[in-house]
Structures are given as structure tokens and as C-alpha cells.
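Following: one structure in C-alpha cells, then a few remarks.
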């Protein structure tokens, strides 16, 4: 026969429960005290952080409330809360829309070209700058290639339109020297992607190379000194020391680039494309712009935007997992 102290509800059991609850309360109180002490000690840092936190909440998290219109028959007169739910009807319409499917295809193709041709260029530029011995020439060249990044997209688009103009453009002028007839490149669907990718490389490659130059600057000089003692050439040092040392940075930037694969330069496409080039130039963001802002179909455009965001999230997670498994380098 068991004693009173071995049964549920006995004084011993109740004492253990009370002691456990008291222990939990004490641990929570200690944690709160540590957090309070930390805030008192580092309050200046949190004051500096506060504006960014407010900005994130107001401009990034608060708008998420409006994503529900992707599942509603939204009316600006009824508002978000009172518009009736229709489930996945917008998504069904979306995936049966030929223009949207064409936009997804164009987005993937343009992003793939940008990844194939545009991603390596900043790395090559950084490696080239690292090999330049003349500091004056190096600084001058860097300034020249960085400059397009700070020029407005409107001005860049104006330069491109002027350069490829069929009447006075420099490109057609040069072609005329060789007896080639003028071509209105920006109305030819087959020429839009090369022009767009080339413009993006010219505008951003120099500025993006700063990240890789910073990574190269962090490589230990002793590695190069040891390689010189062993008789390695500058080419061998670049391939055996510099590139492997900045590989984690390259992988991180590649993961970020893959996550933005559906986010092509919306502003530049809006400025350069026209109905004649929709077949190769229309992307998801321009489709959302036309349907949402120009067509007034805010719920339909929200469904397309939500699809865009979900795909981007899946791509980032997948690329990060693959990188973490095979290279042990990841965003988190």
C-alpha cells in the first residue's frame, strides 16, 4: 500500500509543483532583470535603431495587411475589411492569363541572362582593379565605372534611346559607315533583351564590384607573400588565393541575386519598352503595374505580387539550403 507522499495530490507532490512554479517565476524575473539592465546600459544604441524599426513596421510590415485583397473581390468603396472573400479565384484567373504567363517567362529569361552575363562582371572588375599597380589610374578608372550607378534611370534610359536612335544614334551612325541600313532597335523584340542586359551591366557592374573589392582587401597579405616566395605568378595568386578567399562573398551575393530573380529593373523596362516589344520585354512587375495602377484591378495585381513574393522566398530558401549543404556558406 503506497504512502500519502507517493500519491497524486499528496503534500509532497503539491510542494514539488509549488517549488517548480516558483523556480519558473524566478527564472523569468531574472531574464527580465537582465533585459532591463541591458537596455539601461545600451539605451543609446536602441535609440539610434528606433527610426529604422519604425520605418520597417510602417512601410514593410503594416502594408502586409493589404495582401488579403488578393483573396477578395476588392472594392475601394467597401475597403479591405468589408470586401467579400472569393478565395483563390484571382490566382486561377492569373494562371490562365496568357499575358501573365508570358510575363513570367520573360522575367525568368531576362533574369537568367542577367545572372549569366551580369553576375560575373563585377567579380572580374574587382579582380582587375586588384591587379592594377598605378593608384592614380586605378582611382580614375573606378570613378568612371562607378559613375553610372549614381545617374538617374530616366537619364540612363534617355542615353540609351538616343544612342540607338535610327536617325542620329551613334550605333546606327557607325553601322552606316559600313553600309548597313538604320535599325530602330528599341522597336525590335529580339533586340530588347540584349540592350536591357547591356544597360544594366554598364550601370551597376562598377558599383557592385565594391563588395568584392572589400572582400579582397580582407585577404591576408601573408598568403601573397608566401606565394611570391614559392615563385607563383600574379595569375596563379589570383586563381589560388584571391578567388578562393572571396568565394563565401560570391556565394552570398549569388543567393541574394537568385532571391531577386523575379525582380528585374522595373523602372528601366517601363522607360524602354513599348507595345511592339511586349512579347520579349513585358515582365511580372510591368504586368502588375498595368493591371493594378492603369487597369484599376488592385486585387488581381495583388495576387500577382503575392505570387512573385512567394516564389522569391522559395528561391532564397532553396539556394541557401543548397549552398549550406555543399559549401557551408549561407545567409543563416
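Numbers for the structure displayed
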| read-out | value |
| --- | --- |
| Burial order of peptide ranges 265-275, 192-202 (average beta-carbon count within 10 Å, highest first) | 192-202, 265-275 |
| Answer label, with log10 I(q)/I(0) by the Debye sum over Cα atoms at q = 0.08 Å⁻¹ calculated from the coordinates and candidates (1) -0.38; (2) -0.55; (3) -0.64 | (3) |
| Whole-number percent relative contact order across region 88-326, with pairs defined as alpha carbons under 8 Å at least 6 apart | 31 |
| Between 0 and 90°, nearest 10: helix 243-259 axis offset from the chain longest Cα axis | 80 |
| Region 142-202, relative contact order in percent, only Cα pairs under 8 angstrom and at least six apart counted | 23 |
| Separation of alpha-carbon centers, region 208-232 and region 126-164, rounded to whole Å | 24 |
| Value of relative contact order over region 50-149, rounded to a whole percent, pairs C-alpha under 8 Å and six or more apart | 12 |
| Highest-MSF residue in the chain out of 260, 130, 106 [GNM, Cα springs under 10 Å] | 130 |
| Among 112, 70, 168: highest mean-square fluctuation, GNM of the chain, C-alpha pairs under 10 Å | 168 |
| Between helix 189-217 and the chain: long-axis angle, C-alpha atoms, 0 to 90°, nearest 10 | 60 |
| On Cα atoms only, tilt of 11-41 relative to the major axis of the chain in degrees | 40 |
| Residue of 21, 72, 138 that the Gaussian network model of the chain assigns the largest fluctuation, springs spanning Cα pairs under 10 Å | 21 |
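Readers should treat all values here as calculations from the given coordinates under stated rules, not as data from a laboratory. The structure displayed is predicted, hence computed values, not measured ones. A quick note on method: Cβ atoms are made from the backbone with ideal geometry, for glycine too, and the neighbour counts reach across all protein chains shown.
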